Amino acid sequence: MTAAKPDNGNKQRTIFICQGTGCISGKSLEITEALKKAVAEHGLPGVKVDFTGCHGFCEQGPVAIVEPEGIFYACVSVADVPEIVESHLRDGKPVERLFYKDPVSDEAIPYHKDIKFYNMQQRIILRNCGRLNPERIEDYIATGGYESLKKCLKEMTPEQVIEEVKRSGLRGRGGAGFPTGMKWEFCRNAPGDQKYMICNADEGDPGAFMDRSTMEGDPHTVLEGMTIAAYAMGSSEGYIYIRAEYPLAVKRVRLALKQSEEKGFLGDNIMGSDFSLHIHVKEGAGAFVCGEETALMASIEGKRGMPRSRPPFPATSGLWGKPSNINNVKSLATVPVIIAKGADWYASTGTEKSKGTCVFALTGKIANSGLIEVPMGIPLRKIIYEIGGGIPGSKKFKAVQTGGPSGGCLPESYLDQPVDYESLAAAGSMMGSGGMVVMDEETCMVDIARYFLSFTQAESCGKCVPCRIGTKQMLDILERICRGEGQPEDIDLLQQLGENIKAGSLCQLGQTAPNPVLTTLRYFRDEYEAHINEKRCPALSCVKLISFYILPDKCQGCGICLRNCPAECIAGDKRMVHVIDQEKCVRCGTCLEVCPERFGAVVKVSAEKVDVPDEPIPVTAEKPAASAT
Amino acid sequence: MTAKKQDTPSGEQEQHKQETKRILNGFSRKRLSLIPILQKVQGKLGYLPREAMTEIAEYLDIPAIDVYGVVTFYNQFRLNPPGKHSIRVCLGTACHMKGGYITLDAWKRRLGINPRETTEDREFDLDTVACVGCCTMAPVTVVDDKPEGGVEPTRVDGILLAFGYDTVTKDKDKSENK
């Protein structure tokens, strides 16, 4: 690094701290306060402390970026504040020990733009997330915000707007992938004087948080997209349906609405035109099925959120029987870019049938978990091994699950498949709202199928029989298999039930709920067979099928496991080999977790018997060389 | 410590009614107000007691069963009073894979209650949540609205200790007395 001259903080610098939900839980609010205080104490006139929404790289949180250099700091804590202020902000010398370290090469990377996690992405929907202060409309306007709305109102007819969006090839990012422009056209052409524009921000998939991050990091994009959509359809009333479990997103969207109204981008006669739009925020009360459009509308009306059969489609008879249109947060966030840069520009990214980019919440057993945006058609392998940095702890990849709780689990042989609506559907999975969960060899595929089904089963609204009773039957069978009580005929029964539920359910929840079971049966049938025939869980995960043992030749009699065992089922004494009472053991794994690594005396097995004494016996094992004392 | 269905004392009932009425005044008498009303009443009272639900039904001129139907449909609403501290164990996909269910077992064991119940001293209530969107910090437990990352069984004791509940030494004493 070139020796920078101390510039005494006169140089213009802004340090942006991430204040997304992930980083806030890592104390980023406290860090911001400490930075402000320290900058004031040192009297640095050129230095500003500001915050942004989610950067997407939550794994490394709390994160901070110093502009204009673009230095990226990872895992910042309050204790690091004095050094950042004195060394970097005052003396111009970045703090090297806070640089992000590449998980593969272990190399420290100072600049944001050089980090693989970011530079392999193409950000359209998330273009502003982590780049501006989401609580200031001026920041959004400075990036060209609300220019697209102006262009629509001043230069384009509603029909032209619809045509542009149709030509761009944008498809619904909520999961179904229906062409957005066509949906708008249906609603525009439906007879009726009152039409409703609804933004679906009821992101209920476990493991998915892209809608939340978009609303927290760049709420004005969503509002602008929504206003353009309403203009295109001729709607004067809008609703944003947000999960109440996302309090920060609710707060920032409400604030954005207020600012937008004050600036005249919302309300009556927007920008001097004769187009008016009023948007209301509705907080969802926590029901997964409300992500389905007819259920969501029932919920806005104050009823139990249960789907109804279609047709009539919402475009002709939706909220209170009026023509309505529902779009996902990500679809709407894309709209201003399409208008600004043109349909052709947008359509140049992606594949023939799936245009543009898609956002994934990459989680599970992966080194760089976080929020990513990639062009449609990218192979899964690239997402997992290049952007995601691979599987941590040199474990082996087993499966990747896309599309939320009702998506399918794909094995290694599918890693070179392109990611788009059609390819994923052909493999038995789906695009869904964009959850992407990576599983390694320690994940039991039967248990994960049981887990997903237990979620969809609990969230089934109970209206139609295949979903209400069928998923319960499937879950009972899966629980039986995980307990080691499965029967050989269970596999066929699961297959048959799954296919019938898919064919017979009213809404997408039931039609997709069997996916995780059907795909794991297709790609990981051997694991089902091991559970049923050998009462063995190959991944050592199903609690009823595993046991913990303390190896007598390794135990040093230190007593750590005995003190920590919550079930008090370990017997032993100083310098005596400890013994687990298998009858009383709850298989929580605490003993394995706390046993010092240099002893490594606790093992986890399935369908195996380990030879251990019945009662504590004196320690005979030699002390491992690593222990100095 | 088990949660028991107790009748609310009549003084408290009257107070609930008055609070509910005060909140109702700010809403139109339309069906679409129902969920926002329930959210606001629960925000104030901490849960939705019977007397509040009947009050709301009367105000909106709908059968009380419709109010109860909506309350039991949505996960957000609760029918029993909350504890002083709320413990929400995340059971999202990422948390499940990193052992969220084992963490839930640890909470159940330490507090002696099941999810959706409150300890008898009304200090803690326990519940699960489908996902709080902090998947990178799994397994997550939300303690008093603050997501805590990496909550494994041993950290459960640490969190309780911070509230002044020393479950670990109690256990140790027990085993030493044996």
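The values are calculated or read from the model by the stated rules, or taken from the named source; none is laboratory data. The model shown is predicted, which means the values in this text are computed figures rather than measured ones. No Cβ is skipped: glycine too gets one built from the backbone with ideal geometry, and neighbour counts run over all protein chains shown. Keep in mind that these areas ignore ligands, DNA and RNA; they rest on the heavy atoms of the full protein, side chains included. Shrake-Rupley method; radii C 1.70, N 1.55, O 1.52, S 1.80 Å.
Given the criteria assigned to a loop (DSSP other than H, G, I, E, B), surrounded by fewer than 24 Cβ atoms within 10 Å (Cβ to Cβ) and away from chain B (no Cβ under 14 Å), does residue A:353 qualify? If you could, list the steps in order and put the result at the bottom.
Values: assigned to a loop (DSSP other than H, G, I, E, B): yes; surrounded by fewer than 24 Cβ atoms within 10 Å (Cβ to Cβ): yes; away from chain B (no Cβ under 14 Å): yes.
Yes, satisfied.
Matching residues to (1) part of a helix (DSSP H, G or I); (2) open to solvent by 10 Å² or more (accessible area, probe 1.4 Å); (3) more than 26 Å from residue A:375 (Cβ to Cβ):
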position	(1), (2), (3)
A:124	no, no, no
A:133	no, no, yes
A:140	yes, no, no
A:150	yes, yes, yes
A:161	yes, no, no
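If residue A:101 satisfies all but one of (1) without any contact (Cβ under 8 Å) to a residue 60 or more places away in the chain; (2) crowded, with 20+ Cβ neighbours inside 10 Å, what's the number of the condition it fails?
(2)
Determine, yes or no, whether residue A:53 is open to solvent by 10 Å² or more (accessible area, probe 1.4 Å) and either at pLDDT 95 or above or under 23 Å from residue A:369 (Cβ atoms) (or both). Let's see the steps before the verdict.
Details: open to solvent by 10 Å² or more (accessible area, probe 1.4 Å): no; either at pLDDT 95 or above or under 23 Å from residue A:369 (Cβ atoms) (or both): yes.
Judged against the criteria, residue A:53 is not a match.
Within the group B:116, B:78, which residue is charged (D, E, K, R), more than 8 Å from chain A (Cβ to nearest Cβ), touching a residue at least 12 places away in the same chain (Cβ under 8 Å) and touching a Gly at 6+ places or on another chain (Cβ under 9 Å)? Step through it out loud before you land on a result.
Details: B:116 fails: touching a Gly at 6+ places or on another chain (Cβ under 9 Å).
One residue alone meets the criteria, B:78.
Conditions (1) within 18 Å of the chain's Cα centre (by Cα); (2) surrounded by fewer than 19 Cβ atoms within 10 Å (Cβ to Cβ), marked per residue:
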position: B:28; (1), (2): no, yes
position: B:41; (1), (2): yes, no
position: B:44; (1), (2): yes, yes
position: B:61; (1), (2): no, yes
position: B:67; (1), (2): no, no
position: B:72; (1), (2): yes, yes
position: B:84; (1), (2): yes, yes
position: B:90; (1), (2): yes, no
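Please enumerate the residues belonging to segment A:388-408 that are within 14 Å of residue A:364 (Cα to Cα) and part of a helix (DSSP H, G or I).
Hits for segment A:388-408 are A:392, A:393, A:404, A:405.
Of the residues A:432, A:390, A:428, A:377, which is buried (at least 23 other Cβ atoms within 10 Å of the Cβ) and not assigned by TED's automatic domain parsing to the domain that holds residue A:451?
Criteria check complete, one pass: A:432.
Could you please find all residues in segment A:262-284 being in a strand (DSSP E or B) and more than 14 Å from chain B (Cβ to nearest Cβ)? I'd like the intermediate steps shown before the answer.
As a first pass, look at segment A:262-284 and keep what is in a strand (DSSP E or B): A:267, A:277-284.
A:267, A:277, A:278, A:279 - these are the residues of segment A:262-284 that are in a strand (DSSP E or B) and more than 14 Å from chain B (Cβ to nearest Cβ).
Of all helices (runs of 4 or more DSSP H) completely enclosed by segment A:513-597, which ones contain at least 3 residues that are within 24 Å of residue A:483 (Cα to Cα)? Explain how you work it out, then say what you get.
On the way: elements: A:515-523, A:525-533, A:560-564, A:590-594.
Of the helices (runs of 4 or more DSSP H) lying wholly inside segment A:513-597, those with at least 3 residues that are within 24 Å of residue A:483 (Cα to Cα) span A:515-523, A:525-533, A:590-594.
In segment A:285-322, how many are within 13 Å of another protein chain (Cβ to nearest Cβ), over 25 Å from residue A:454 (Cβ atoms) and in a helix (DSSP H, G or I)?
Here the count works out to 4.
I need the full set of residues from segment A:65-93 which are in a strand (DSSP E or B) and among the hydrophobic types (A, V, I, L, M, F, W, C), in order please.
Those that are in a strand (DSSP E or B) and among the hydrophobic types (A, V, I, L, M, F, W, C): A:65, A:66, A:71, A:72.
Considering segment A:562-578 alone, what residues qualify as being closer than 15 Å to residue A:621 by Cβ and either surrounded by fewer than 21 Cβ atoms within 10 Å (Cβ to Cβ) or within 12 Å of another protein chain (Cβ to nearest Cβ) (or both)?
First pass over segment A:562-578, keeping only residues closer than 15 Å to residue A:621 by Cβ: A:572, A:574-578.
Within segment A:562-578, A:572, A:574, A:575, A:576 qualify.
Only one of these conditions is not met by residue A:259: (1) in contact with a helix residue (DSSP H, G or I) (Cβ under 6 Å, 6 or more places away or on another chain); (2) within 14 Å of another protein chain (Cβ to nearest Cβ); (3) surrounded by fewer than 24 Cβ atoms within 10 Å (Cβ to Cβ); (4) outside any strand (DSSP E or B). Which number is it?
Evaluating residue A:259 over (1) in contact with a helix residue (DSSP H, G or I) (Cβ under 6 Å, 6 or more places away or on another chain); (2) within 14 Å of another protein chain (Cβ to nearest Cβ); (3) surrounded by fewer than 24 Cβ atoms within 10 Å (Cβ to Cβ); (4) outside any strand (DSSP E or B) leaves (2) as the failure.
Residue pairs, Cβ under 6 Å, 6 or more apart or interchain, first in segment A:477-492 and in contact (Cβ under 8 Å) with a residue 12 or more places away in the chain and open to solvent by 10 Å² or more (accessible area, probe 1.4 Å), second in a loop (DSSP other than H, G, I, E, B) and basic (Lys, Arg). List them.
A:484/A:535
Take the conditions outside any loop (DSSP other than H, G, I, E, B) and at pLDDT below 85 and apply them to residue B:94. Does it pass?
Details: outside any loop (DSSP other than H, G, I, E, B): yes; at pLDDT below 85: yes.
Against the criterion (outside any loop (DSSP other than H, G, I, E, B) and at pLDDT below 85), residue B:94 qualifies.
For the condition part of a loop (DSSP other than H, G, I, E, B), touching a strand residue (DSSP E or B) at 6+ places or on another chain (Cβ under 6 Å) and over 30 Å from residue A:29 (Cβ atoms), what is the one hit in B:62, B:113? Can you show your working first?
Numbers: B:62 fails: touching a strand residue (DSSP E or B) at 6+ places or on another chain (Cβ under 6 Å).
Of B:62, B:113, the one residue that is part of a loop (DSSP other than H, G, I, E, B), touching a strand residue (DSSP E or B) at 6+ places or on another chain (Cβ under 6 Å) and over 30 Å from residue A:29 (Cβ atoms) is B:113.
Just to be sure before I move on: is residue A:118 modelled with pLDDT under 95, hydroxyl-bearing (Ser, Thr, Tyr) and farther than 25 Å from residue A:45 by Cα in the structure I sent?
Numbers: modelled with pLDDT under 95: yes; hydroxyl-bearing (Ser, Thr, Tyr): yes; farther than 25 Å from residue A:45 by Cα: yes.
Here the answer is yes, as residue A:118 does meet what is asked.
Within segment A:195-212, is there a residue that is within 14 Å of chain B (Cβ to nearest Cβ) and β-branched (Val, Ile, Thr)? Break it down stepwise before answering.
Our first condition is that a residue be within 14 Å of chain B (Cβ to nearest Cβ); within segment A:195-212, this holds for A:196, A:198, A:201-212.
When the remaining residues are screened for being β-branched (Val, Ile, Thr), the result is A:198.
Checking segment A:195-212: at least one residue is within 14 Å of chain B (Cβ to nearest Cβ) and β-branched (Val, Ile, Thr).
Within segment B:118-132, can one find any residue that is open to solvent by 30 Å² or more (accessible area, probe 1.4 Å) and in a helix (DSSP H, G or I)?
no
Scan (1) open to solvent by less than 10 Å² (accessible area, probe 1.4 Å); (2) touching a Phe, Trp or Tyr at 6+ places or on another chain (Cβ under 6 Å); (3) at pLDDT 90 or above for the single condition residue A:444 breaks and write down its number.
(2)
In segment A:409-425, which residue that is open to solvent by less than 10 Å² (accessible area, probe 1.4 Å) and in a strand (DSSP E or B) is farthest from the other protein chains (Cβ to nearest Cβ)? Walk me through it before giving the result.
So in segment A:409-425, the residues open to solvent by less than 10 Å² (accessible area, probe 1.4 Å) come out as A:409-410, A:415, A:419, A:424.
Add one more test, that the residue is in a strand (DSSP E or B), and what stays is A:409-410.
Working: A:409: 11, A:410: 15 Å.
Out of the qualifying residues, it is A:410.
Out of (1) over 24 Å from residue A:115 (Cβ atoms); (2) in contact (Cβ under 8 Å) with a residue 40 or more places away in the chain, what's the single condition that is false for residue A:46?
(2)
So residue A:331 clears everything in (1) within 14 Å of another protein chain (Cβ to nearest Cβ); (2) outside any loop (DSSP other than H, G, I, E, B); (3) within 24 Å of the chain's Cα centre (by Cα) except one condition, right? Which one?
(1)
Taking the options A:365, A:382, name whichever one is open to solvent by 10 Å² or more (accessible area, probe 1.4 Å), within 14 Å of chain B (Cβ to nearest Cβ) and not small (Gly, Ala, Ser).
Numbers: A:382 fails: within 14 Å of chain B (Cβ to nearest Cβ).
The unique qualifying residue is A:365.
Tell me whether segment A:64-85 contains one or more residues that are modelled with pLDDT under 90, closer than 23 Å to residue A:374 by Cβ and under 26 Å from the mean Cα position of the chain (by Cα).
Taking every residue of segment A:64-85 in turn, none turns out to be modelled with pLDDT under 90, closer than 23 Å to residue A:374 by Cβ and under 26 Å from the mean Cα position of the chain (by Cα).
Go through segment A:164-199 and give me each residue that's under 20 Å from residue A:341 (Cα atoms), among the small types (Gly, Ala, Ser) and in a loop (DSSP other than H, G, I, E, B).
A:169, A:172
Quick one: residue A:597 ticks every box in (1) closer than 28 Å to residue A:449 by Cβ; (2) of a type outside the set (A, V, I, L, M); (3) away from every other protein chain (no Cβ under 14 Å) bar one, so which box is it?
(1)
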